[in-house]
Structure formats: C-alpha cells, structure tokens
Amino acid sequence: MTDVPAPGQDLLFPPPAEFAARANVDAGEYARAAADPEAFWAEKAARLQWDEPWHTVFDGSTMPTAQWFAGGRLNVAVNCVDRHVTAGRGDKVALHWEGEPGDSRTITYAELQEEVCRLANALEGLGVGHGDRVVLYLPVLPETIVATLACARIGAVVSLVFGGFSAEALRFRVADTGARVLVTTDGQFRRGSAVGVKAAADAAVEGLDHVEHVLVLRRTGDATPDVPWTPGRDVWWHDVVDTASSEHEAPSFDAENPLFIIYTSGTTGRPKGLVHTSGGYLTHASWTHWAVFDLKDDDVYWCQADLAWVTAHTYEMYGPLSNGATQVIYEGSPLTPHPGRHFEVIEKYGVTTYYTAPTLVRTFMKHGPELPARYDLSSLRLLGSVGEAINPEAWLWLHRNVGGGRCPIVDTWWQSETGAAVVAPLPGVTPLKPGSGTVPLPGLSATVVDDAGEEVAPGVQGVLVITKPWPGMARTVWGDHDRFVRSYWEPYAERGYYLAGDSATKDADGYVWIGGRIDDVLNVSGHRLSSIELESALVSHPRVAEAAVVGAPDDTTGQRIIAFVITRGRADADDPDDAGLTAALRAHVGERVGAIAKPRDVVVVPDLPKTRSGKIMRRLMADMTAGRSGGDVTSLQDETALAGVEQAWARYLATRP
Ligand code: ATP
Ligand code: MG
C-alpha cells in the first residue's frame, strides 16, 4: 500500500494551547536526546535515588544483553516508596483501590512503606532471598503491589501471573521460573461472583519441589469456604505478614540485578519470559511515565490494565510509584456490574489521566456515546491507549465522547521486550494523528526497514526495528537465551538492530503506523496489506463493531482476504438477513483502502478470539481458514469465542455462493 494513506493520516490534532503551556517536557527534548543519548539517559537516571553512582552509562560489550548504569547500585522499592516518605510526602495517597463488589481502600505512601516492609520481613522469614523467584497469582489488590515491591526490596525476582489464568497456564510459569514461593488468594471476584482460586494454585504447584511455600491472602473469605490446605507448605498471609515488623532495612543491588520476569501475552506463539533488570528499566519506566503522561503532583492517574500485564508493571507500578503519583486501581471486570463502571470510577475519584486499550474502547462504542455521557468526566485531562493499534474510528470516539474533545490521547507503542514506551507522543509537544503512536520518544531510535535493513521510503511497508540499545530493554528470555538472540537480534545482527516483530510504515512526517504482526501481513497479488489498516477500514463502517482480517491461501492471488466481523446496530428493515452486508463492506473497504484490499469473504461472528490482555488472536483464525490446527491456545481469554468463529466459518463454507 504505497499510495493509499492510512485512515487518520489526514487528521492532525496539535496540542491544546493550555495543555502545552503547562507541559512537563518541551520540544527541545528531542534534539537534546539525539545530540547525546547517553548523556540524556544519565540525566534521567539521576531522577532516581542511587546508593552508589554508576561508572559507565552504557556498556555494549555483552550485547544483546546490554548493561546500563554499570557499577551503580540502588533499591527499586526504596525508589518507589521510601524515597517519597523520606521527602515528607508520606501522607500523599499512593493508591485508591476499588474492589469489584464495591469495597474500597485508600493507602498513603507511608502506609505502603509499612506494608512492603512487613511482607519483606515475612518473605525473608519464609526463606526467600536475593535471586529467588516468587510468582504472584493475584487479582488487582493493593497487596499485589505490596508483594511486587517487597520482592524488589529483598532482591527476589517477581513474576506476576494473571489471576484469571488456568492452573495449566500458571503451572507453566511457576515451573519455568523455578519459583520458591507462590502467592495467591483463597478466592477472587470474577464478574460479580466469588470463585475459589486456591485449588487451581495447588494444581499448578503439584509435584514442583522447588515451590516451598504457598502464601495465601484472604480475599473472598466466607464466600469461598473450604480452602484446601497443605500444612507446612501453605501459609496464611495474615499469620506471617500482620505479625511481622514494619521496619526493614533495604539492601542495595546492582543496576543489572534482575527485577522481574514478564511473560508475553502469547499472540504469536508460546509466551516468552522476558527478564528485566533494575537501574535501566526504572530509569526508562520512570521518565517516560512522567513525560508521556505529563504527570502533575495533583493528578489522579488510572491505568486500567491488570497488574500482571507489562503495561501495569511499567505504568501502574514501577513508573508511577517511582514518580510518587496518586493512582486508582480497580479489581474488577470493566463491565461489572454494569458497562459504565469505569466512568463511574473516573467520576468518583476525579481521575485526570485514563490509560486504556483499544479493545475496551470498541466495547464501549457498542453501547453508544450515551454511556459515557451519563457521567461527569470533566476531571479528565489526558487519555492513553496501548496494546494494539487503535483504529482511528475508536480514537475519535474516545477523544470526543470520553475526553470531551479537550484531552490529548497518548497512543503508546511498546512491548514486554522494550520495558517501556518507545513510539509515543509527548502530549504537550507532539501533534497527534489518530491511529499512529507518532514518533519515537526522545532517547529512543526506532525506524521502519526492509529485509536488508535499509530504511524504507515514506508509505512503504516494512518492519519496525529499534536501532540503538535503550535502558529498558529486556536482557534475556528466562532459561532460554538462544530464543532471545534468535527472536529479536539475529535477523538484523549485522546492523545490531532489534526486530520488534511488527510490520509498519512511516508517513512523510516520520509518523509510525503499526500494521500488525509481521506474520499477519497479507499478500494479495503481490500487494502487501496490513491487517490493522483493513480492520480500521471495516470498523469505520457503522454496522461493524469489531473486525479481524486474515489471509487464506489462494491459488491465483497468493492470499485472499477474509474478514471476520462483529456487527452492531440492526440490519436494514428491508434487508433483515444482512444479505447486503458483504457487498456493503467490500465496497466500503474498496473506497477506504483500494480495490485490491476488498475482502473476498465476510463472515459474521458472535465474538473474536482474544488473549487475556484483549489482543485479537489472528493466527488462530488464519490456521482455521488454512485447515491447520494445533496452535497454542493457552493464552486465550475465552475458548468459546474460538468455537463460535469455527461454527460461523463452517456455516459460511457450507452456504457460500
Ligand atoms: P507475543 O510476543 O507472545 O506474541 P504480545 O506481543 O501480544 O505476545 P506484548 O508484549 O504484551 O505481547 O504486546 C506487544 C505487542 O502489542 C506489540 O508488538 C504490538 O504488536 C502490540 N501493541 C502494543 N501497543 C501498541 C500500540 N500502541 N500500537 C500498535 N500496536 C501495539
Ligand atoms: Mg510480542
């Protein structure tokens, strides 16, 4: 697609003057960083509290395992908590926690410090020390953050597993990390009901001798009685934590001390356990949080991701806490007990900054603009998006109906591997284009190249690479360094580029447009088409709520385009069967993108298969249309969604003209 502008490319939203006047970062930052990236990052690292200064900002001698701030020592938990208390800001609210059933708690930085110290002592009492792995299988609770920080405080490597994962998915992560302790709850609230969790945790650790203790926090209590118990191994949180001392002396650790292991969401295959370290990661997380979210002292910031996703690690834990922010965290499903729950929470706490995901925006859109209109959202001043490319239609809807037309939207492109944002705007500086993460942040060098590593011309599709090492970069895949080298560094080894795995184009202004995963690029009669671009064209049609596009093998064209769509609104009165929908959507895509891009088949489905973090799993649908099976489905949110697509596909094949 060299000649057709992506939808949204023709729209430009300059920073509102009032916002720009108060912005944390000015336009000169891009040039300052470009002039001397190491000096730039050293300046950002100095925002943190170091116990010992580094002697070398960047040491590339062990690439692709970089060393940043070599020789420096710090404690990440002290940076996230104690530092603010010492500076006299212990009474500032760290967390406004909202539980799914409507219970809530407010925790100050001083209280957070006490809790973290208690748990640090308790974990040490359970034999956990520097370098040991601790897996957390918890919902979004203050204790989940306390546990993450307690691990950092004692130098244990934490790995958070989404509380909604199955015993099997948990077991893979517990075994892969070789965890010494698993932390979980008696039960969880899921979409309005209390369900037991401990039995799944038990199944996950069964026979894994390295797991010495399972630490159990009481959450659902009487609602989930008969918690299975293994004496000696299992320990109640309240027995060991509540009685522990709230004083704990924090040791300092090397800048390259492993901080956490994060498993990718598994959109493209078996999840990879990326290892992040301390000094460089925190520098990248902390500065980008402050700059991209334009953090002010009186902001009430809400990142709605589950704590187990990388988004939450960087922009709900380490980033905002290191900046002393006040945050909202919410335990429940966004649609429980009603679809306006998020807007209700924004109104209740006066949220100023709301960081969300395209999949959720599309869900809200199904309910119409009346939904957000019922709430007072005037406290909002900035919105954010992450997880997938946001369809321009969804961007405009969010901007208008949630942001009241006044809030910039920071669309942040990054990955588990990158640690923190790479392509994202500075909201007071960078003009926005709906659907693009704009340009690489200061200090980060990303571009779009062809197979040979040459930068492609504007509008030409290539792959996104990061051309220079950056402080937040992952250092390895846990237990599989070869996979780390092979997946990301081998393809452009000669140039030393990091291969992100996403296809992309750059426009004439240098803006980056993500087209989808490299594996999802479609090739129709020699034309390379991006799945995101086609899906965005489809969802810009009033009858389409969500869309997923895949390429199926075709003898003449190489691939043919199949669109799976979830419809919204009612079909025409004189066309109740939607017989005209296929023709209408083909024409619409033809108009928006080009004749070559018209989907051959349009299949209406009840739901789309997604990962637990809400990303569409195109590979499973591509497998289905090609007659392949057996792809990894352990990260699926809901297997019935895939079954529904399979049924719709079979019906479609049987009745296709
Ligand atoms: P796996 O690597 O196992 O397939 P994953 O890539 O889905 O899993 P994450 O690291 O959580 O796991 O997701 C990163 C990916 O999400 C990016 O590579 C990109 O495809 C997509 N992504 C995230 N944010 C954006 C964004 N703002 N715009 C476009 N794509 C995005
Ligand atoms: Mg990935």
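Among the residues of the stretch 405-442, those identified as more than 16 Å from ligand 2 (Cβ to nearest atom), open to solvent by 20 Å² or more (accessible area, probe 1.4 Å) and touching a residue at least 60 places away in the same chain (Cβ under 8 Å) are Arg406, Val429, Pro431, Val439, Pro440. Just one of the listed residues (Gly614, Gly644, Gly627) is in contact (Cβ under 8 Å) with a residue 24 or more places away in the chain and more than 15 Å from ligand 2 (Cβ to nearest atom), and it is Gly644. Scan the stretch 7-62 residue by residue and report those that are assigned to a helix (DSSP H, G or I) and of a type in the set (Phe, Trp, Tyr). Matches in the stretch 7-62: Phe19, Tyr30, Phe40, Trp41. Kindly indicate which of Thr288, Thr230, Thr220 is modelled with pLDDT of 95 or more, out of contact with any helix residue (DSSP H, G or I) (no Cβ under 9 Å at 6 or more places or on another chain) and more than 16 Å from ligand 2 (Cβ to nearest atom). Step by step, each of Thr288, Thr230, Thr220 is checked, and only Thr220 is modelled with pLDDT of 95 or more, out of contact with any helix residue (DSSP H, G or I) (no Cβ under 9 Å at 6 or more places or on another chain) and more than 16 Å from ligand 2 (Cβ to nearest atom). Scanning for something polar (S, T, N, Q), within 26 Å of Glu100 (Cβ to Cβ) and touching a strand residue (DSSP E or B) at 6+ places or on another chain (Cβ under 7 Å), does the stretch 168-181 turn up at least one residue? Within the stretch 168-181, none of the residues are polar (S, T, N, Q), within 26 Å of Glu100 (Cβ to Cβ) and touching a strand residue (DSSP E or B) at 6+ places or on another chain (Cβ under 7 Å). Cβ separations smaller than 8 Å between residues 6+ apart or across chains give the following pairs from the stretch 248-265 residues that are farther than 12 Å from Leu74 by Cα and within 16 Å of ligand 2 (Cβ to nearest atom) to residues that are open to solvent by 30 Å² or more (accessible area, probe 1.4 Å) and in a strand (DSSP E or B): Ile261/Arg133.
Among the residues of the stretch 307-333, those identified as part of a loop (DSSP other than H, G, I, E, B), buried (at least 22 other Cβ atoms within 10 Å of the Cβ) and out of contact with any Asp or Glu (no Cβ under 6 Å at 6 or more places or on another chain) are Leu307, Ala308, Trp309, Ala325.
Within the stretch 207-228, take every residue that is buried (at least 19 other Cβ atoms within 10 Å of the Cβ) and touching a residue at least 40 places away in the same chain (Cβ under 8 Å) and give me the one that is farthest from Val197 (Cα to Cα).
As a first pass, look at the stretch 207-228 and keep what is buried (at least 19 other Cβ atoms within 10 Å of the Cβ): 211, 213-217, 219-220, 224, 227.
Checking which are touching a residue at least 40 places away in the same chain (Cβ under 8 Å) leaves us with 213, 215, 217, 219, 227.
Numbers: His213: 16, Leu215: 13, Leu217: 11, Arg219: 10, Val227: 9 Å.
Filtering first and then ranking leaves His213.
Taken over the stretch 447-462, the criterion of being open to solvent by less than 10 Å² (accessible area, probe 1.4 Å) and under 22 Å from Pro392 (Cβ atoms) is satisfied by Val448, Gly462. Being open to solvent by 60 Å² or more (accessible area, probe 1.4 Å) and without any contact (Cβ under 8 Å) to a residue 40 or more places away in the chain is a property that holds for Ala46. Looking at this structure, is Pro225 part of a loop (DSSP other than H, G, I, E, B), modelled with pLDDT under 95 and more than 16 Å from ligand 1 (Cβ to nearest atom)? In short, yes.
Matching residues to (1) open to solvent by 10 Å² or more (accessible area, probe 1.4 Å); (2) touching a residue at least 12 places away in the same chain (Cβ under 8 Å); (3) among the acidic types (Asp, Glu):
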residue: Leu123; (1), (2), (3): no, yes, no
residue: Ala150; (1), (2), (3): no, yes, no
residue: Phe165; (1), (2), (3): yes, yes, no
residue: Glu168; (1), (2), (3): yes, yes, yes
residue: Val174; (1), (2), (3): no, yes, no
residue: Thr177; (1), (2), (3): no, yes, no
residue: Arg180; (1), (2), (3): yes, yes, no
residue: Val183; (1), (2), (3): no, yes, no
residue: Gly192; (1), (2), (3): yes, yes, no
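Among the residues examined, Asp480 qualifies as farther than 25 Å from Cys303 by Cα, within 16 Å of ligand 2 (Cβ to nearest atom), open to solvent by 10 Å² or more (accessible area, probe 1.4 Å) and touching a residue at least 12 places away in the same chain (Cβ under 8 Å).
Would a scan of the stretch 229-239 turn up a residue that is away from ligand 1 (no atom under 16 Å from the Cβ), open to solvent by 30 Å² or more (accessible area, probe 1.4 Å), assigned to a strand (DSSP E or B) and free of Cβ contacts under 8 Å to residues at least 24 places away in the same chain? Within the stretch 229-239, one or more residues are away from ligand 1 (no atom under 16 Å from the Cβ), open to solvent by 30 Å² or more (accessible area, probe 1.4 Å), assigned to a strand (DSSP E or B) and free of Cβ contacts under 8 Å to residues at least 24 places away in the same chain. The residues of the stretch 125-136 that are more than 21 Å from Glu98 (Cβ to Cβ) and crowded, with 21+ Cβ neighbours inside 10 Å, listed by number, are Val128, Asp132, Arg133, Val134, Val135. Only one of the numbered conditions (1) assigned to a loop (DSSP other than H, G, I, E, B); (2) closer than 30 Å to Asp176 by Cβ; (3) in contact (Cβ under 8 Å) with a residue 40 or more places away in the chain is violated by Pro101, and that is (2). Condition test on Leu12, is it in contact with a Ser or Thr (Cβ under 7 Å, 6 or more places away or on another chain) and not basic (Lys, Arg)? Against the criterion (in contact with a Ser or Thr (Cβ under 7 Å, 6 or more places away or on another chain) and not basic (Lys, Arg)), Leu12 does not qualify. Report yes if Ser333 is over 15 Å from the mean Cα position of the chain (by Cα) and farther than 20 Å from Leu149 by Cβ, otherwise no. Judged against the criteria, Ser333 is a match. One residue stands out in the stretch 265-290 among those that are crowded, with 23+ Cβ neighbours inside 10 Å and away from ligand 1 (no atom under 16 Å from the Cβ): the one that is nearest to His84 (Cα to Cα), namely Ser286.
Only one of the listed residues (Val402, Val345) is away from ligand 1 (no atom under 13 Å from the Cβ), over 29 Å from Leu441 (Cα atoms) and open to solvent by less than 10 Å² (accessible area, probe 1.4 Å). That residue is Val345. Among all residues of the stretch 515-531, there is at least one that is over 30 Å from Pro258 (Cα atoms), basic (Lys, Arg) and either touching a His at 6+ places or on another chain (Cβ under 9 Å) or away from ligand 1 (no atom under 14 Å from the Cβ) (or both).
In the stretch 355-363, is there at least one residue being more than 16 Å from ligand 1 (Cβ to nearest atom) and open to solvent by 20 Å² or more (accessible area, probe 1.4 Å)?
Restricting attention to the stretch 355-363, the residues satisfying the condition of being more than 16 Å from ligand 1 (Cβ to nearest atom) are 363.
So of that shortlist, the ones also open to solvent by 20 Å² or more (accessible area, probe 1.4 Å) come out as 363.
Yes: one or more hits.
If I ask for residues that are closer than 9 Å to Pro442 by Cβ and surrounded by 16 or more Cβ atoms within 10 Å (Cβ to Cβ), which ones from the stretch 22-31 would you list? Residues satisfying the conditions are Val25, Glu29, Tyr30.
Which residues, taken from the stretch 268-285, are away from ligand 2 (no atom under 16 Å from the Cβ) and β-branched (Val, Ile, Thr)?
Thr277, Thr283 - these are the residues of the stretch 268-285 that are away from ligand 2 (no atom under 16 Å from the Cβ) and β-branched (Val, Ile, Thr).
Looking at this structure, is Glu331 closer than 29 Å to Met617 by Cβ and away from ligand 1 (no atom under 16 Å from the Cβ)? Can you show your working first?
Working: closer than 29 Å to Met617 by Cβ: yes; away from ligand 1 (no atom under 16 Å from the Cβ): yes.
Answer is yes for this residue.
For the stretch 389-427, the set of residues classified as under 21 Å from Gly368 (Cα atoms) and among the charged types (D, E, K, R) consists of Glu393, Arg400, Arg406, listed by residue number. Only a single criterion out of (1) over 19 Å from Gly163 (Cα atoms); (2) modelled with pLDDT of 95 or more; (3) under 19 Å from the mean Cα position of the chain (by Cα) is not satisfied by Asn323, namely (3).
Just one of the listed residues (Ser503, Ser531) is at pLDDT 95 or above and within 16 Å of ligand 2 (Cβ to nearest atom), and it is Ser503.
The values are calculated or read from the model by the stated rules, or taken from the named source; none is laboratory data. All values reported here derive from a predicted model rather than from experimental measurement. FYI the Cβ positions are ideal-geometry reconstructions off the backbone, even for glycines, and counts take in every protein chain you see. Heads up: the accessible areas ignore ligands, DNA and RNA and are worked out on the full protein's heavy atoms, side chains in. Shrake-Rupley method; radii C 1.70, N 1.55, O 1.52, S 1.80 Å.
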